[in-house]
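Okay, so here's the structure we're looking at.
The values are calculated or read from the model by the stated rules, or taken from the named source; none is laboratory data. Everything numeric in this text was worked out from a predicted model, so none of it was measured. Note: ideal-geometry Cβ built from the backbone for every residue, glycine included; neighbour counts use all protein chains shown. SASA here: full protein model, heavy atoms, side chains in, ligands and nucleic acids out. Shrake-Rupley method; radii C 1.70, N 1.55, O 1.52, S 1.80 Å.
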2 protein chains.
Amino acid sequence: MLTFVLETDSRQPLYQQLYTHIKKEIQEGNIKPGTKLPSKRKLSTYLNLSQNTVQAAYIQLIEEGYISSVERKGFYVSDIIPIKTNTRDKKPTILKKSTKDRSILYDFSIHGVDFSSFPFSTWRKLMREVINEYDKELLIPCDSFGYYRLRHALASYLYHSRGVICNENQIIISSGTEYLFQILFQLFKDDTIYGIENPGYEKLNQMFNANRAKFTTIDIDKDGMPLSQVYKSGANILCITPAHQFPTGEIMPIKRRMQLLDWAKEQKNRYIVEDDYDSEFKYSGKPIPALQGLDHNEKVIYMGSFSKSLSPTIRLSYMVLPQHLLNIYKEDLSYILCPVPMMDQKILCRFIEEGYFERHLNKMRSIYRKKRELLIKSIRQLDCDIEILGADAGLHLLIKVNNNMSESQLIEEAYKAGVKVYGISKYYTKPLLDKSPPLIILGYATLTDNEIIKAVKLLHNAWF
Amino acid sequence: MLTFVLETDSRQPLYQQLYTHIKKEIQEGNIKPGTKLPSKRKLSTYLNLSQNTVQAAYIQLIEEGYISSVERKGFYVSDIIPIKTNTRDKKPTILKKSTKDRSILYDFSIHGVDFSSFPFSTWRKLMREVINEYDKELLIPCDSFGYYRLRHALASYLYHSRGVICNENQIIISSGTEYLFQILFQLFKDDTIYGIENPGYEKLNQMFNANRAKFTTIDIDKDGMPLSQVYKSGANILCITPAHQFPTGEIMPIKRRMQLLDWAKEQKNRYIVEDDYDSEFKYSGKPIPALQGLDHNEKVIYMGSFSKSLSPTIRLSYMVLPQHLLNIYKEDLSYILCPVPMMDQKILCRFIEEGYFERHLNKMRSIYRKKRELLIKSIRQLDCDIEILGADAGLHLLIKVNNNMSESQLIEEAYKAGVKVYGISKYYTKPLLDKSPPLIILGYATLTDNEIIKAVKLLHNAWF
């Protein structure tokens, strides 16, 4: 007979104590497989428990497969393999926060936005509005394209501010460039060869490799990918950043745009992926319309996000697909659900619809323009040989430092002075052969005016 | 000389009007490539404009590549390809909302949750708290694993409620099962063969196909995948739902669990993906611990989400990776950013930390248990031959309708009566040879008590 000491004053119910005891006996092999357990009545009398308590324990054991019930016969121990005692530490380790590099005073990071300008109060208001009423829409999954009303608002915004010609049915909402590319990897055939800019986003290489997607890098000139290089590369899908090339900061002129569109038109499997990265920020002249708006042959896949215009933590990106690709998406990839929570889609939708987004962009354009001007002015005021490069757009610029230091020396000396700067060479897939002075990238979005002034002084002392 | 009529009372600035006019002339080929434009001074005098206005227009044209400036010489029209006039409709189409199927009164959908029980007021409160203070953390991207504090809260929750043994550094937060699998497709080699349950999630097939991942389906018996079938299949990664098999609703007994773990142990490249789908809802006995907790050999990849426990629109899923896979993830997939907005991660984190989640689960367990009991009672009260199957868990059950109708007839007749039900056969990858009465799946989460009672009556009239 099974003999256990059950604690009546324990917080654990009696049936659970009984269940745990019997389970342990079975696991440790003390009760052998095939053994018949005492009937509910017998065990309850023996242990002075109610029959219900024994029954609850037995049901639990049956459900977990430790015992089985044979009709009109009784309960038998199953033929299980005993579990070894777990010797691992069962408690989650204690949380340690990563320690920040304290020696860095100013970081010219190219990631991030101006933290003090996020529209917290508007966002709070919209959040409240969105969740204030009982709203079934917040709980019913939207389709794989994303919230239709947000897509509608986006189509209108993209048309008016970027010259993108599409309707909301062509827009797919996702969580970031990498998630949009995941869709492309599934849409396009295995023999696709992607052509990426050199220099360019360092993450693209890694992404293509991890996804076993074939790709080739194409050396850009001042205007972007040269047509001769494009033909030579064998790529059939070009991934480009015409609005503000990363990292060189150049804007692709209309002539090159037309050439690339013509190249795409020549063959059925050719496409251009236009990453309209930080296109919202152009400080002189009118914004340059997207390549997508110039395309008449369903050859451009347009991508954008709110990472620069709002915050990288918003995690909302979108892509405009040509109609014939859309049909494949609907047909083959219907298993995909939009990864963005409904709440966030609704908040962002109101943010755009009610005009807040436009006002926010105008405000940020002015803030970033001033930061950029301050940075340029601070550098020019120094009596030293630094050239400034990169079009009057975006959230970073480049400097050519003519002091005979190598790129790594420049970074190193800046670091010693407490300033983090970034070299351009890490964005190249091949080592730079160019012997001209190295280029340093300065992102200015996250720094305050005061920090920019102080950081430039430190850089001057470190470099000259 | 360029002659344009500029409207001084227009809302468009003069420089933009001038820019537009010149651009148009160039695009239409009226000013030929290579033509020298008038100097700023000359044009401003001629058109009676300020030199600044002309300069602004010229800068814009330079930036877009229509003209170029040659030092000490002047401005020249670039060698561009003229754009054809865009004949497409430029305005986004007017939004049409999809019309819902009005003939359906009650839908026994297996998707969705009880809408009236979402903790709106708590969520609202937590939202307010999270965004009430200026919080830099809301704007700085978290790492590819997700918000560390949420991972910590999850590790503790998973240990206490599901017996999952891990620390927060093993948890990766993403947006849904498909996004977690995308990571696995990148982590595992090309020769990986996934074994999936038959019957099982219909979306898995599509997902594996779209990602060109090799897979094979394994026919399950009452306890899950039989070992003999597993060996025969050639699969090296099994994707299973031991807590509550979808769609059969069965719980995998301990013996089968141990067998599968032993199978995995035999070879280095073998793994088990445990989708702990709707495991939070078990109505009798203690919750059955996850397979992951029984594993001592880093062989189980544990997946879970908040789709059933909170809402499918929350879009937050997680996976626990064994340490050696974690190392590969860190090394090769650092380009991935966590797709979940920081705001949502922080809200959910508080929701768990402050005990709301546990209380919500307890409440929902009781609500769903009552719905389940009501559904079973309503069916049993009918004087007709319907068997009820599926363990006492989850958000759906199965019925075997013994009225000689085929599955499609049952669905069809129910539909005519205004009730949507789902057959099990669509979850099979091969046609069912079984001649026994068909199985119908009834999801009850989204229906109210009243709706359940009425729907069952309609089903009875339709079927008997």
By accessible area with a 1.4 Å probe, ligands and nucleic acids excluded, highest first: order of A:Ser228, A:Ser378: A:Ser228, A:Ser378
Cα-Cα over 31 Å, subset of A:Lys308/B:Lys125; A:Lys420/B:Lys23; A:Lys430/B:Lys136; A:Lys299/B:Lys346: A:Lys420/B:Lys23; A:Lys430/B:Lys136; A:Lys299/B:Lys346
Low-density loop cleavage sites - GluC sites (Glu not before Pro) in the stretch B:35-82, where at most 13 other Cβ are within 10 Å (DSSP): B:Glu71
Label point distance in nm, A:Glu387-A:Ser69, each placed 7 Å from Cα along Cα→Cβ: 8.5
Selection from A:Thr3, A:Thr35, A:His21 lying farthest towards where the dipole of the stretch A:1-42 points positive, charges on Cβ: A:Thr35
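Of the heavy-atom accessible surface of the protein assembly as shown (probe 1.4 angstrom), what whole percent is carbon and sulfur?
Here it works out to 50 percent.
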For the stretch A:27-71: Kirkwood Rh in Å [reciprocal of mean 1/r, alpha carbons]: 11.3
C-alpha center-to-center spacing [the stretch B:205-277, the stretch A:385-464] in angstrom: 53
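Suppose all protein chains stay in the model; what accessible area per residue would a 1.4 Å probe give for the protein assembly as shown, in Å²?
Here the per-residue accessible area is 44 Å².
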Pairwise label distance in nanometres, A:His111 with B:Arg359, each label 7 Å out on the Cα-Cβ vector: 3.7
Per-copy distances of the A:Phe120 label point, shortest first, in nm (7 angstrom along Cα→Cβ): 2.8
Alpha carbon Rg of chain B, scaled by the compact-globule rule 2.2 N^0.38 Å: 1.38
Reciprocal mean inverse distance between Cα atoms of the stretch A:382-421 - Kirkwood radius, Å: 11.4
Low-density loop cleavage sites - trypsin sites (Lys or Arg not before Pro) in the stretch A:148-197, where at most 10 other Cβ are within 10 Å (DSSP): A:Lys189
For A:Lys330, label point 7 Å along C-beta direction: distances to other copies, nm: 4.6
Interatomic Cα distance distribution for the protein assembly as shown, bins of 20 angstrom, percent: 12, 40, 31, 13, 3, 0
Peptide ranges A:449-460, B:268-279 listed from the most packed, as the mean C-beta count within 10 angstrom indicates: B:268-279, A:449-460
Chain-alone versus full-assembly comparison, the stretch B:334-348, residues with accessible loss of at least 30 Å² (1.4 Å probe): B:Tyr335, B:Leu337, B:Pro339, B:Pro341, B:Met343, B:Asp344
Centre separation in Å (Cα based) which lies between the stretch A:107-128 and the stretch B:108-156: 18
Per-residue [θ]222 nm for chain B (sum of -39500 (n - 2.57) over DSSP H runs n ≥ 4, rounded to 500): -12000 deg cm²/dmol
Whether the stretch B:161-295 is rounded, prolate or oblate, judged on the alpha carbon gyration tensor where a/c under 1.5 counts as rounded: rounded
Interface area, A with B, accessible, probe 1.4 Å, both sides summed, Å² nearest 100: 9500
Length released on extending from A:Asn297 to A:Ser284, taking residue separation times 0.36 nm less the Cα-Cα span: 1.6 nm
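How big is the charge dipole of the stretch B:121-167 about its Cα centre, in debye rounded to the nearest 20, if each Lys and Arg gets +1 on its Cβ and each Asp and Glu gets -1 on its Cβ?
On the way: 7 positive and 5 negative charges, 45 e Å.
Using only the charged Cβ atoms, the result is roughly 220 debye.
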Computed accessible area, A:Lys330, all protein chains, 1.4 angstrom probe, square angstrom: 110
Calculated FRET efficiency for the pair B:Asp219/B:Gln409, C-beta based, R₀ 22 Å, to 0.05: 0.30
For the protein assembly as shown, share of DSSP beta bridges that run antiparallel, in % to the nearest 5: 60
